[in-house]
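To start, the structure under review is shown below, and the notes come after it.
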Protein chains: 2
Amino acid sequence: MTDISITRLSASEAGFDDALNRLLAWDDSVDHQVNESVRHILGEVKLRGDAAVMEFTAKFDQLEVASMAELEMSQARLEQALERIPADQRDALEAAADRIRDYHQRQRQDSWQYEDADGTVLGQKVTPLDRVGIYVPGGKAAYPSSVLMNALPAKVAGVAEIIMVVPTPAGVVNDMVLAAAAIAGVDRVFTLGGAQAVGALAYGTETVPAVDKIVGPGNIFVATAKREVFGTVGIDMIAGPSEILVICDGQTDPDWIAMDLFSQAEHDEQAQSILLSPDAAFLDAVEASIRKLVVTMERGEIIARSLTDRGALIQVKDLDEAAEVSNRIAPEHLELSVADPQALAEKIRHAGAIFLGRYTAEALGDYCAGPNHVLPTSGTARFSSPLGVYDFQKRSSLIGFSAAGADRMGRVASVLARGEGLTAHARSAEYRLDQDQ
Amino acid sequence: MTDISITRLSASEAGFDDALNRLLAWDDSVDHQVNESVRHILGEVKLRGDAAVMEFTAKFDQLEVASMAELEMSQARLEQALERIPADQRDALEAAADRIRDYHQRQRQDSWQYEDADGTVLGQKVTPLDRVGIYVPGGKAAYPSSVLMNALPAKVAGVAEIIMVVPTPAGVVNDMVLAAAAIAGVDRVFTLGGAQAVGALAYGTETVPAVDKIVGPGNIFVATAKREVFGTVGIDMIAGPSEILVICDGQTDPDWIAMDLFSQAEHDEQAQSILLSPDAAFLDAVEASIRKLVVTMERGEIIARSLTDRGALIQVKDLDEAAEVSNRIAPEHLELSVADPQALAEKIRHAGAIFLGRYTAEALGDYCAGPNHVLPTSGTARFSSPLGVYDFQKRSSLIGFSAAGADRMGRVASVLARGEGLTAHARSAEYRLDQDQ
């Protein structure tokens with residue numbers, strides 16, 4: 001079934017704000033049963049380590065093993081996968097990895113330090129995380145590109161050890177995923193998935209080393225487990241469904257725009273594709289392209305469902321209004337398919353990634369443009385950023401007072417500490433005052 | 001009662017690892033009843049807005065008002081507080097604010113963009129958050145320094161509107177807190193607290209505008225509410241009890257070190273103060289200083305409880321071993337009270353803030369050194385950073401392909417997309433290929 005009924009809105013019509021809110025509404029409330037199940041799994045893994053991990057893997061992934069060693073994949077196996085995949089795939093993965101590495105190197109932050117007039121040193125020491133875990137989904141949605149996008153920023157940051165987990169339900173292995181791990185320089189790979197994999201990474205087991213941060217996409221069990229272990233380890237954002245917002249001046253081939261909308265919609269039924277244009281005839285043309293092209297798509301049913309349930313074609317007064325609506329949505333992917341995309345980008349305050357101009361298909365960003373494809377969804381671009389090298393570095397403040405500085409600022413600290421009723425703070429500062437003053 | 005029994009350990013003794021783990025163990029498991037109560041409050045605030053906020057404020061803060069307007073404090077009231085506090089307090093707050101502003105300005109990140117050989121533009125656009133909420137505890141633990149530490153980085157980042165909430169149980173207002181808000185340039189202040197304040201900031205009400213991120217410390221209800229609204233808005237880290245780790249070579253006045261340990265211990269009974277030294281006689285001397293000084297402290301009972309329950313004096317082989325133990329602990333505050341603190345700091349991988357040398361009392365960092373006093377606790381310095389300007393800025397990736405670039409990289413994207421079974425992605429890229437090639 002590829003019948004499509006796509007919502008049409010106009011930003012100037014009465015009730016547009018409410019209609020937009022309904023369109024964007026996304027229920028991310030936690031399922032109580034999933035929660036209970038995840039807590040049970042995490043508790044068992046924390047308590048019983050490897051034994052629990054093996055039991056849950058047998059139960060959920062139909063993968064029975066005699067020892068945990070069977071759930072680890074050797075570097076030789078990764079290299080074998082790299083040799084085995086078609087040459088064009090290997091070349092494409094390597095080309096993508098080069099661009100991703102090159103872009104992310106520009107995100108590295110360095111330590112800095114300065115000295116003020118009285119010899120006091122202040123600064124910030126930047127260090128990589130020691131060990132990071134990357135969750136990679138297995139089965140039907142196995143994405144080698146995600147391996148590159150999650151592992152390479154950690155590598156560029158200088159993380160010493162990268163542990164990847166990927167479920168292999170019933171033993172099914174994806175060679176392209178393993179090849180990507182080899183290219184990205186992943187240190188160890190365990191064929192684990194679900195909440196049990198997250199638990200193993202967060203708490204450590206006899207075999208799986210505990211990591212400092214867990215990143216990567218996963219199903220509701222994985223997402224819930226990550227939320228649960230947040231605090232014990234760091235996590236990246238919990239991702240919602242993927243979204244694209246296209247702003248077009250009406251001068252791009254409508255087939256191109258239709259296909260760009262499809263490229264989000266094909267992810268899953270909850271994905272969201274929205275087009276804004278000041279040109280009503282263009283919206284009609286894109287709708288016609290959608291109807292024409294959807295029947296030619298392998299994932300046409302998913303696309304039709306997604307566009308019908310969550311898609312929209314929205315007429316705006318002009319590109320300024322389009323920027324306003326876009327800032328309200330704070331989309332994950334924003335395509336500016338207009339004559340002067342840089343000028344329009346100036347007006348954009350919130351977006352995960354901005355794709356500039358008619359030639360910049362969002363799909364290029366998913367694979368090989370260079371920037372990360374892990375982006376804030378569901379409006380969280382209002383306060384969060386793409387996954388980056390900065391997610392694998394952390395900072396320590398550096399403070400070194402000279403005797404003169406300790407005297408000058410100790411007097412300030414003493415007044416404030418006493419104002420807050422914290423006498424030990426005050427006296428600790430007062431000991432360092434120049435007693436002759 | 002200021003009786004103290006402080007744990008003594010040696011890093012070389014058998015069972016040290018287990019003893020250290022027991023010492024550091026901190027149960028941050030969520031209380032089920034608190035959880036239920038917080039969910040109820042958040043649900044009501046989301047549904048009924050101002051009305052619910054007023055009801056909960058009457059119930060929990062014994063503050064009855066006829067309208068929400070009574071729960072907002074005018075800028076005039078903040079200015080009045082600034083005029084009213086003693087001159088030395090005002091001077092101290094302003095001196096602290098200047099240094100905090102100066103340090104944080106160096107954390108600002110700027111947008112960048114570059115063009116590669118075929119004219120493709122890549123970059124990162126850095127923008128401030130639109131609106132931020134700051135939670136400031138009221139009542140007995142009212143800390144004006146926290147207002148500066150939370151508001152100033154947001155201000156430096158360029159956040160357009162800062163909303164502060166501070167409970168005033170039974171109408172009790174702290175002028176120093178309001179004065180700090182005036183100095184920091186807070187835009188609006190509501191006298192709200194607890195989960196209801198967090199809910200009002202996260203969802204917005206008729207009167208309180210919804211914010212994009214909520215930062216600032218609070219009790220278990222506030223922490224639980226922040227954890228709950230995470231995703232709808234951004235939050236800072238959930239803080240555990242405060243901690244200090246002091247590494248001393250034995251050459252600092254033991255009274256100074258004892259008082260430094262007290263300055264954490266006086267926060268609350270769960271605070272943790274640990275001293276590492278290779279000099280056993282020095283550990284004895286500090287213990288003697290502790291016993292001598294604790295009876296002179298206003299908050300002596302809290303200090304005695306904290307040091308007895310969670311404090312420790314640990315003998316290490318040498319400073320290298322001290323650095324190793326410190327990296328395992330990943331302390332919030334780390335004092336290097338040694339002859340060559342910069343050399344020792346090189347060996348430190350994980351710490352919220354590092355205090356260099358004998359003159360650098362940790363208390364200086366709490367108030368006026370410049371760096372932030374909101375720091376990662378409970379070992380989370382392994383993967384997180386002090387609160388900073390970067391917490392109030394976010395990034396958008398910029399990608400602009402030239403026709404030549406879209407052709408070259410589109411071929412790569414097409415191979416990878418087809419390898420992942422995502423045909424719409426592939427076709428969207430293929431439309432932009434140079435069809436003559």
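Quick notes
- Residue-level analysis places B:ALA76 outside the set of residues that are open to solvent by less than 60 Å² (accessible area, probe 1.4 Å) and either modelled with pLDDT of 95 or more or within 25 Å of B:ALA154 (Cα to Cα) (or both).
- Pairs where the first residue, in segment A:62-75, is assigned by TED's automatic domain parsing to the domain that holds A:ILE162 and within 16 Å of A:ALA52 (Cβ to Cβ) and the second is of a type outside the set (Gly, Ala, Ser) and open to solvent by 60 Å² or more (accessible area, probe 1.4 Å), C-beta under 8 Å, 6+ apart: A:MET68/A:GLU206
- Restricting segment A:420-436 to residues that are open to solvent by 50 Å² or more (accessible area, probe 1.4 Å) and either at pLDDT 95 or above or touching a helix residue (DSSP H, G or I) at 6+ places or on another chain (Cβ under 9 Å) (or both), the residue that is farthest from the other protein chains (Cβ to nearest Cβ): A:ASP434
- Any hit, segment A:309-320, residues being modelled with pLDDT of 95 or more and within 10 Å of chain B (Cβ to nearest Cβ): no
- B:ASP17 assigned to a helix (DSSP H, G or I), among the acidic types (Asp, Glu) and assigned by TED's automatic domain parsing to the domain that holds B:VAL165: no
- Test result for A:GLN109, under 30 Å from B:SER111 (Cα atoms) and part of a loop (DSSP other than H, G, I, E, B): yes
- Unique residue being small (Gly, Ala, Ser), over 43 Å from the mean Cα position of the chain (by Cα), part of a helix (DSSP H, G or I) and at the interface with chain B (Cβ under 7 Å from one of its Cβ atoms) when the list is A:ALA413, A:ALA406, A:ALA417: A:ALA406
- For segment B:225-243, the tally of residues that are at the interface with chain A (Cβ under 10 Å from one of its Cβ atoms) and not in a loop (DSSP other than H, G, I, E, B) stands at 6.
- Filtering segment A:130-168 to residues that are within 13 Å of the chain's Cα centre (by Cα) and in a loop (DSSP other than H, G, I, E, B) leaves only A:VAL136.
- Any hit, segment A:37-60, residues being on the phi > 0 side of the Ramachandran plot and either outside any loop (DSSP other than H, G, I, E, B) or not assigned by TED's automatic domain parsing to the domain that holds A:SER289 (or both): yes
- Residue check, B:SER385 outside the structural domain of B:ALA19 (by TED's automatic domain parsing), in contact (Cβ under 8 Å) with a residue 40 or more places away in the chain, open to solvent by 20 Å² or more (accessible area, probe 1.4 Å) and of a type in the set (Gly, Ala, Ser): no
- For segment B:388-399, the criterion of being modelled with pLDDT of 95 or more, surrounded by 24 or more Cβ atoms within 10 Å (Cβ to Cβ) and assigned to a loop (DSSP other than H, G, I, E, B) is met by no residue.
- Residue selected from segment B:267-298 under the condition modelled with pLDDT under 95 and closer than 15 Å to A:THR423 by Cα, by the criterion farthest from the other protein chains (Cβ to nearest Cβ): B:ASP268
- Residue list for segment B:171-214, filter: of a type in the set (S, T, N, Q) and either free of Cβ contacts under 8 Å to residues at least 12 places away in the same chain or surrounded by 19 or more Cβ atoms within 10 Å (Cβ to Cβ) (or both): B:ASN174, B:THR191, B:GLN196, B:THR205
- Criterion: more than 7 Å from chain B (Cβ to nearest Cβ) and either assigned to a loop (DSSP other than H, G, I, E, B) or of a type in the set (Lys, Arg) (or both) - qualifying residue of A:SER385, A:SER378: A:SER378
- All of B:VAL286, B:VAL246, B:VAL222 fail the test of being open to solvent by less than 10 Å² (accessible area, probe 1.4 Å), outside any loop (DSSP other than H, G, I, E, B), aliphatic (A, V, I, L, M) and not assigned by TED's automatic domain parsing to the domain that holds B:ASP309, apart from B:VAL222.
- With respect to the conditions (1) open to solvent by 10 Å² or more (accessible area, probe 1.4 Å); (2) of a type in the set (Gly, Ala, Ser); (3) under 23 Å from B:ASP255 (Cα atoms); (4) touching a helix residue (DSSP H, G or I) at 6+ places or on another chain (Cβ under 9 Å), B:ALA363 lacks only one, and its number is (1).
Residues checked against (1) more than 27 Å from A:ILE162 (Cβ to Cβ); (2) at the interface with chain B (Cβ under 8 Å from one of its Cβ atoms); (3) among the small types (Gly, Ala, Ser):
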| residue | (1), (2), (3) |
| --- | --- |
| A:ASN327 | yes, no, no |
| A:SER337 | yes, no, yes |
| A:ARG349 | yes, yes, no |
| A:ALA361 | yes, yes, yes |
| A:VAL389 | no, no, no |
| A:GLN393 | no, no, no |
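- Meets criteria (surrounded by fewer than 24 Cβ atoms within 10 Å (Cβ to Cβ) and out of contact with any strand residue (DSSP E or B) (no Cβ under 6 Å at 6 or more places or on another chain)) for B:THR232: yes
- In the set A:ASP116, A:ASP102, A:ASP130, only one residue is at pLDDT below 95, surrounded by fewer than 22 Cβ atoms within 10 Å (Cβ to Cβ) and within 11 Å of another protein chain (Cβ to nearest Cβ); that residue is A:ASP116.
Residue-wise test of (1) part of a helix (DSSP H, G or I); (2) more than 26 Å from B:TYR390 (Cα to Cα).
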residue: A:GLN80; (1), (2): yes, yes
residue: A:ALA95; (1), (2): yes, yes
residue: A:HIS104; (1), (2): yes, no
residue: A:GLN113; (1), (2): no, no
residue: A:VAL126; (1), (2): no, no
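The values are calculated or read from the model by the stated rules, or taken from the named source; none is laboratory data. Keep in mind the model is a prediction, meaning the values are calculated, not measured. Every residue, glycine among them, receives a Cβ derived from its backbone with ideal geometry; neighbour counts consider all protein chains shown. Side chains included, ligands, DNA and RNA excluded: accessible areas come from the protein's heavy atoms. Shrake-Rupley method; radii C 1.70, N 1.55, O 1.52, S 1.80 Å.
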